[in-house]
């Protein structure tokens with residue numbers, strides 16, 4: 001079997017900055033690259049923060065008006081952001097607004113982390129709400145003035 005280069009590895013990571021990008025479109029599924037850190041600069045998301053951010057992000061996105069359009073939300077193995085897969089019935093502006101609102105939600109969140117019990121999660125102890133809140137504030141600032149025109153990767 002010949003191994004093919006996958007789309008996310010074809011992106012020039014030396015030019016990638018924090019932001020929201022359309023990674024790929026597959027039929028009615030759109031994958032968004034939510035890049036929270038500049039790649040290969042040594043400033044990566046901490047695991048416990050990413051885990052908490054994922055729990056809050058997924059819960060928020062699947063509880064609001066866009067819930068039926070959300071297919072998947074998950075962290076990148078390189079610890080520079082998240083992927084979000086949606087149905088194509090959301091406009092780019094709706095996606096930007098969802099991510100901006102989610103960042104505000106995480107930044108202001110206090111209380112028990114949804115799904116962070118032994119019964120609900122495979123690694124429920126590794127959580128860091130304060131770090132997740134800081135990451136949300138930082139990313140929220142990075143995307144405060146994001147527009148659909150900025151959602152294309154720089155060539």
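Observations on the model:
- To the nearest ten degrees, helix 47-61 and the longest principal axis of the Cα atoms of the chain are 80 degrees apart.
- Springs join every pair of Cα atoms under 10 Å in this Gaussian network model of the chain, and among 57, 139, 109 the largest mean-square fluctuation is at 109.
- At full extension, residue 72 and residue 117 could sit 14.1 nm farther apart than now, given 0.36 nm per residue minus the alpha carbon distance.
- 0 to 90° range, to nearest 10: angle between helix 129-142 axis and the chain longest Cα axis: 30 degrees
- Springs join every pair of Cα atoms under 10 Å in this Gaussian network model of the chain, and among 64, 74, 111 the largest mean-square fluctuation is at 111.
- Candidates 56, 90, 129, ranked by Gaussian network fluctuation over the chain, Cα under 10 Å, top entry: 90
- Folded to 0 to 90 degrees: helix 92-107 orientation relative to the chain principal axis, Cα: 30 degrees
- Applying D = kT/(6 pi eta Rh) to region 77-120, where Rh is the Kirkwood radius over alpha-carbon pairs, T corresponds to 25 °C and eta to 0.890 mPa s, the Stokes-Einstein value obtained is 187 µm²/s.
- Cβ-derived FRET efficiency at R0 22 Å, residue 38 paired with residue 2, nearest 0.05: 0.10
- Modelled spin-label separation between residue 145 and residue 28, with each label point placed 7 Å from Cα along the Cα-to-Cβ direction: 3.8 nm.
Read-outs throughout are calculated quantities, based only on the coordinates presented, and are distinct from any laboratory measurement. Keep in mind that what you see is a predicted model, and the values were worked out from it rather than measured. Every residue, glycine as well, gets a Cβ built from its backbone with ideal geometry; the counts of neighbours run over all protein chains shown.
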